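What follows is calculated from the coordinates using simple rules that are stated; it is not laboratory data. Please read all numbers here as calculations on a predicted model, not as lab measurements. Because the Cβ atoms are built from the backbone with ideal geometry, glycine has one as well, and the counts that use them run over all protein chains shown.
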């Protein structure tokens with residue numbers, strides 16, 4: 001008896017399949033090429049991850065290219081997130097968010113804004129009279145509340161927030177696409 | 001008219017139309033077929049073994065016909081039963097069907113090669129095929145599973161390098177990216193071609209023991225070759241005319257054979 005490497009015999013056929021899986025109906029097509037979900041992940045995962053990364057980078061680059069829009073959106077988002085309240089600070093917080101939004105959107109220098117400061121630029125950029133009127137009212141109510149110790153008059157805190165938000169969104173619809 | 005109806009009723013009673021098998025009947029038939037196949041492998045009497053393989057094949061066929069099951073393993077088992085009973089034509093036909101449903105199954109590939117080696121007819125590859133075999137060696141020499149694995153590796157490498165290039169373009173040399181991308185593309189094409197070929201509508205197999213290939217679609221035409229075609233010859237059917245099929249051999253020669261001598265790979269899928 002000689003000792004050596006065991007060689008595989010050529011020819012002949014392999015065993016039958018006897019598992020019940022043989023009774024499951026299959027359909028032909030390219031989908032059958034990849035029979036296991038593992039293959040789908042192995043083949044589809046890397047390109048999906050690449051394009052996901054590409055999309056994230058594109059979003060980041062867009063933000064970096066237009067910081068004013070990002071700041072305007074963030075201010076509007078913060079304005080929407082405020083909880084309406086009868087407490088003294090609510091009206092001034094709301095006014096501060098609205099000012100931050102308008103400052104970012106109109107590229108105005110930092111500092112306290114009054115409605116008079118923004119009315120001209122808003123008109124010049126095509127914001128309609130109704131929206132300007134709503135903004136004027138929000139500014140007036142918030143500023144009056146400051147002198148009245150925080151009490152909001154004429155509107156409920158929820159109505160005031162809703163009006164501020166609607167005005168901000170109307171401005172955004174006009175100016176957001178114009179950049 | 002009454003006579004015709006009566007005859008038809010009688011015919012239906014004697015040969016009831018095949019009813020679809022339920023899951024339990026299918027399982028029982030499958031177990032019977034596997035039992036016959038195993039028993040055939042254990043007997044020392046060749047005639048008994050032949051009968052048992054035939055019996056197994058009949059049951060697998062019933063599962064396909066009456067059960068309506070289209071499964072690579074079932075076609076493969078049927079191919080094995082035909083292979084063992086010496087019917088290499090139907091063995092190749094059913095391995096090809098199994099391959100169309102499961103191109104990555106290495107057992108199907110192995111048994112198909114064994115059946116091809118056992119058939120009578122041999123055809124030389126045309127010159128262009130030999131050139132292609134040399135140029136596209138990875139397609140012809142590597143198994144489907146290996147190509148799929150390599151595709152996953154090179155594709156992952158390509159996309160990782162491409163992602164890295166988004167952040168550090170100077171760290172990823174273009175040739176490395178191009179090499180991985182090129183290899184992944186070549187392997188993808190190879191795998192896709194395999195899928196397309198497995199689904200080739202025109203693929204057929206000679207199932208008659210001998211089939212006289214003729215120059216035209218009638219018995220009055222002269223034979224196309226000095227020998228008849230034998231079971232297992234793989235052809236492409238270019239056209240069907242009446243009871244005749246216009247076929248093409250792998251070496252490019254064309255001929256006509258009777259329809260009954262050929263079965264299409266895709267017909268049962």
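Quick notes
- Whether segment A:47-169 is rounded, prolate or oblate, judged on the alpha carbon gyration tensor where a/c under 1.5 counts as rounded: prolate
- For the residues B:185, B:211, B:81, a GNM of chain B with alpha-carbon springs under 10 Å puts the largest fluctuation on B:185.
- In degrees, nearest ten, helix A:129-147 long axis to first principal axis of chain A (Cα): 70 degrees
- Alpha-carbon centroid distance for the pair segment B:173-193 / segment B:86-145, whole angstrom: 25 Å
- The angle between the Cα long axis of helix B:174-198 and the main principal axis of chain B comes to about 10°, on a 0 to 90 degree scale.
- Per residue, chain B reaches -19000 deg cm²/dmol at 222 nm when only DSSP H runs of four or more residues are counted, each adding -39500 (n - 2.57).
- Highest average packing first - B:225-233, B:46-54, Cβ atoms within 10 Å: B:225-233, B:46-54
- Peptide B:74-84 has a mean of 3 when you count, residue by residue, the C-beta atoms of other protein chains within 10 Å of its C-beta.
- In terms of the mean number of neighbouring beta-carbon atoms within 10 Å, the peptides A:71-77, B:96-102 order highest first as B:96-102, A:71-77.
- Residue B:267 versus residue A:63: modelled label distance in nm, points set 7 Å from Cα along the beta carbon direction: 6.4 nm
- On Cα atoms only, tilt of B:106-118 relative to the major axis of chain B in degrees: 60 degrees
- 222 nm mean residue ellipticity, helices alone, for chain A (DSSP H n ≥ 4; -39,500 (n - 2.57); rounded to 500): -20500 deg cm²/dmol
- Taking segment A:77-179 and dividing mean pair separation by its residue count, relative contact order in percent (alpha carbons under 8 Å, at least six apart): 39 percent
- Cα extents for chain B along the principal axes, largest to smallest and rounded to whole angstrom: 89, 52, 50.
- GNM top mover of B:80, B:94, B:220 - chain B, alpha-carbon springs below 10 Å: B:220
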